[in-house]
1. Highest first, please rank the peptides 99-108, 50-59, 63-72, 2-11 by the mean number of other Cβ atoms sitting within 10 Å of their residues.
2. What length, rounded to one decimal in nm, is gained on full extension from residue 111 through to residue 86, with 0.36 nm per residue of separation minus their alpha-carbon distance?
3. Which log10 I(q)/I(0) values, to two decimals, does the range 50-94 give at q = 0.15, 0.20, 0.29 Å⁻¹ under the Debye formula with one point per Cα?
4. Counting other C-beta atoms within 10 Å, which of 30, 77, 40 has the fewest, and how do the rest follow?
Ligand SMILES: [Zn+2]
C-alpha cells in the first residue's frame, strides 16, 4: 500500500513533554489525512498518565473516524528513526467503537 502521508513532515512535529519516543496516530479517509494525534502527558496528573496518540486522533476526528483507516508509528527521539507501534487494548477498543476499519503499522508496512 502506498502511504499517502509525508512522514518526514511529522518528525519535528511533536510535543516537548514526551521523552523517549513520539507515538503518532494518523486517521486517513479516502487517502486524505483527517486527523493527527500524538502521545502527550495529561496534566494535571503529575505527568504520569499520558493521552495516547490513537485516543487523541479519534477525539479530533469525531464522527469522521467511521469507516476510516488508522496509521500508527513511533519516532525515536535519539535517532528519529521510525519504530513499530501497537495500539494498546484500550485504544483498540476506542478505535473499534469509533468505526476504524483498518490499522496499519507503518514500520511493518515499510519492512514488508
Ligand atoms: Zn493506547
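1. Highest to lowest by the protection proxy: 50-59, 63-72, 99-108, 2-11.
2. Extending this stretch completely gives an extra 7.5 nm.
3. Computed log10 I(q)/I(0) values: -0.44, -0.72, -1.14.
4. Ranked by crowding around the Cβ, least crowded first: 30, 77, 40.
Laboratory data are not the source of any read-out in this text; all were calculated from the coordinates shown. Computed from a predicted structure; not experimentally measured. Glycine gets a Cβ as well: all are built from the backbone with ideal geometry, and neighbour counts include every protein chain shown.
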